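One structure is given below, encoded as structure tokens.
The values are calculated or read from the model by the stated rules, or taken from the named source; none is laboratory data. Predicted model, so just to flag it, every value in this text is computed and none were measured. Positions of Cβ are backbone-derived with ideal geometry, glycine not excepted, and every protein chain shown enters the neighbour counts.
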Amino acid sequence: MVALLLDFLRLLGLMVGAVVAVMLLTGLFFEIMNARHPERRIQKDRVNRRKWKELRQAPISILTLSVCFAFGLFAQQQGWSLVPLELSWWSGPLMLMISVVLYDAWFYWVHRLLHSRVFYRFHALHHKSVAPTVWSNHHESFVEALLNQAYYAIIVFVLPVPWQMLVLQKLYDQISGMLGHAGFEHFASPAGRSPWPLASTVFHDQHHGTFRFNYGHTFSLWDRWMGTLHPRYDNTLKSFEPSGNEPDAPESRAPERP
């Protein structure tokens, strides 16, 4: 038992170090990009000066997600979960795609739950950043982090995904989460709007600015199907594309809270 615990703690330490390194490198990248391209700011009438307050909460978020993710990998290593498929040219991409789609559904419905009257108290901390920054990604409560990241502790018992694909998905999840909170739209393209399913930085930024729309993560599909897509999302994103017009003006009224 002691040996198992030590093995898990070593894996957990590796996860924490990796997440912190990715967070710092990604954050530095976007801070440089944002400083070089101030015209790409999405909410032009709001500036977030909460960086250090947001970072003070990051250790709770990082430790929680690292425990969930490390447990999923550890469960696979110990043979407690489904036996993962052998990694190959077809099994890797297939399992990765299925897992990304499943996580997007998980994230959407957990996010809707967190906006309910009963659970919003666990999500309110994250929404103190009305105009998010790249550092807002980990500005969340323990309960919110646990609900979002429990997916990685559970999915290994449901899907025979190779551990390499789980690592790749978590890397993508970390970077895309920070991209979604960057506050500046640097990568606008038609792939982020109808008829294509991908989301964008504008997508999640509108969620922070209004509180009532755009609950998804990677895709906008759930929001389109459930009628929770911001009515100006597609047009606002299009305005940030190289051939677009001047970006839409931000919401002038105060955002609505649940």
Residue pairs, Cβ under 9 Å, 6 or more apart or interchain, first in segment 89-102 and within 13 Å of Phe219 (Cα to Cα), second buried (at least 16 other Cβ atoms within 10 Å of the Cβ) and of a type in the set (D, E, K, R). List them. Val100/Asp173
What's the number of the condition Leu87 fails, among (1) over 21 Å from the mean Cα position of the chain (by Cα); (2) farther than 25 Å from Ala18 by Cα; (3) at pLDDT 95 or above? (2)
Which helices (runs of 4 or more DSSP H) does segment 128-218 wholly contain that include 2 or more residues that are of a type in the set (A, V, I, L, M) and more than 15 Å from Tyr108 (Cα to Cα)? 142-154, 163-180
Looking at Ser141, is it more than 16 Å from Val202 (Cα to Cα), of a type in the set (Ser, Thr, Tyr) and either at pLDDT 95 or above or touching a Cys at 6+ places or on another chain (Cβ under 7 Å) (or both)? yes
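Criterion first (surrounded by fewer than 21 Cβ atoms within 10 Å (Cβ to Cβ), at pLDDT 95 or above, in a helix (DSSP H, G or I) and not aromatic (Phe, Trp, Tyr)) does Leu237 satisfy it?
no
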Check off (1) within 30 Å of Ser91 (Cα to Cα); (2) assigned to a loop (DSSP other than H, G, I, E, B) for Pro231 and give me the number that stays unchecked. (1)
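Looking at segment 132-148, which of the residues that are of a type outside the set (Phe, Trp, Tyr) and surrounded by fewer than 21 Cβ atoms within 10 Å (Cβ to Cβ) is nearest to Phe69 (Cα to Cα)?
From segment 132-148, those of a type outside the set (Phe, Trp, Tyr) are 132-134, 136-141, 143-148; that's our starting set.
Subset that is surrounded by fewer than 21 Cβ atoms within 10 Å (Cβ to Cβ): 141, 143, 146.
Numbers: Ser141: 17, Val143: 16, Leu146: 11 Å.
Applying the filter and picking the extreme gives Leu146.
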